[in-house]
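Read through the structure below, which is laid out as structure tokens, and then see the notes.
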Amino acid sequence: MPNDTPRPRASLSRLRRSRPSEARQAHAAPSPRALRDPRARATLTYALPLAPALYLLARERRARFVRLHAAQALIFFAGIGLAQALLFALAVVLGNVAAGSWAELPVGLLLWGALLALGAGAFMLWLRLLAEAWNGRLRRRRVLSPLATRLERLAASFTRAVSSAGEASRNIPHDACADAAPRSPGQED
């Protein structure tokens, strides 16, 4: 009769004594292999505003899925920031215009309500984009997707141009660089 009871897990101190490599793995950070997964990299673009998206849009060469999500994240965060700044500026301007009149309170409440609605809507869309990236999907959005596609194509062509220019400069033989150097009139070989 086989024993179906689960074996107790080894304690961390016991792992440290017996197998140091397993103890290190128990508390180690995620391996770089985990970030090789395109879904994880695409999700990372939405995790923090702008920085990972800019980095992956500039550095990613193989996975178009990751570049598209990076471009979409850039457009999303920049658009939300711009919309919030415009609404806030409108609130300040209209608040100063309506100062001291009966319209001050309704205008202020309306604009702050719009800011709140924008924030709630952006949060819901952010969660959707995060989930889609994690699930390996890229859905078309009316405004976001065309802009992201253009940005991704622009970044891809720029990255290709920069990398081909770098490869061309690396392929010049070292002796050819020395021969092309200007010489002074009294300099001999």
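The values are calculated or read from the model by the stated rules, or taken from the named source; none is laboratory data. Predicted model only: the values in this text are computed from it and were never measured. Neighbour counts run over all protein chains shown; Cβ positions are idealised from the backbone, glycine included.
Can you name the residue in region 120-139 that is surrounded by 14 or more Cβ atoms within 10 Å (Cβ to Cβ) and closer than 19 Å to residue 85 by Cα and, of all such residues, is nearest to the chain's Cα centre (by Cα)?
Restricting to residues being surrounded by 14 or more Cβ atoms within 10 Å (Cβ to Cβ) and closer than 19 Å to residue 85 by Cα, the top hit is 126.
How many residues does region 140-157 contain that are of a type outside the set (D, E, K, R) and either over 19 Å from residue 61 (Cα atoms) or more than 16 Å from the chain's Cα centre (by Cα) (or both)?
7
Looking at (1) in a helix (DSSP H, G or I); (2) surrounded by 12 or more Cβ atoms within 10 Å (Cβ to Cβ); (3) not hydroxyl-bearing (Ser, Thr, Tyr), which is the one condition that is false for residue 161?
(2)
Looking at region 35-76, which of its residues are polar (S, T, N, Q) and under 16 Å from residue 151 (Cβ atoms)? Can you show your working first?
Taking region 35-76 first, the residues polar (S, T, N, Q) are 43, 45, 72.
Once the filter is applied, which keeps residues that are polar (S, T, N, Q) and under 16 Å from residue 151 (Cβ atoms), region 35-76 yields 45, 72.
Would you mind stating whether residue 66 is loosely packed, with under 15 Cβ neighbours inside 10 Å and not hydroxyl-bearing (Ser, Thr, Tyr)? Reasoning before the result, please.
Numbers: loosely packed, with under 15 Cβ neighbours inside 10 Å: no; not hydroxyl-bearing (Ser, Thr, Tyr): yes.
Against the criterion (loosely packed, with under 15 Cβ neighbours inside 10 Å and not hydroxyl-bearing (Ser, Thr, Tyr)), residue 66 does not qualify.
Can you spot a residue in region 81-95 that is at pLDDT below 95, assigned to a helix (DSSP H, G or I), over 24 Å from residue 36 (Cα atoms) and β-branched (Val, Ile, Thr)?
yes
Collect the residues in region 69-109 that are more than 24 Å from residue 125 (Cα to Cα) and of a type in the set (Val, Ile, Thr), keeping them in residue-number order.
Correct list: 92, 93, 97, 107.
Please go through region 81-111 and pick out each residue that is under 29 Å from the mean Cα position of the chain (by Cα) and exposed (fewer than 14 other Cβ atoms within 10 Å of the Cβ).
Correct list: 81, 82, 85, 86, 88, 89.
Out of curiosity, is residue 72 in a helix (DSSP H, G or I), out of contact with any Gly (no Cβ under 7 Å at 6 or more places or on another chain) and under 16 Å from residue 43 (Cα atoms)?
Numbers: in a helix (DSSP H, G or I): yes; out of contact with any Gly (no Cβ under 7 Å at 6 or more places or on another chain): yes; under 16 Å from residue 43 (Cα atoms): yes.
Here the answer is yes, as residue 72 does meet what is asked.
Tell me which residues, restricted to region 142-159, are modelled with pLDDT of 90 or more and among the polar types (S, T, N, Q).
The answer is 145, 149.
Could you tell me whether any residue of region 49-69 is at pLDDT 85 or above, closer than 30 Å to residue 139 by Cα, aliphatic (A, V, I, L, M) and outside any helix (DSSP H, G or I)?
Yes, the conditions are met somewhere in region 49-69.
Mind telling me which of the residues 137, 128 ends up being not in a loop (DSSP other than H, G, I, E, B) and not hydroxyl-bearing (Ser, Thr, Tyr)?
128
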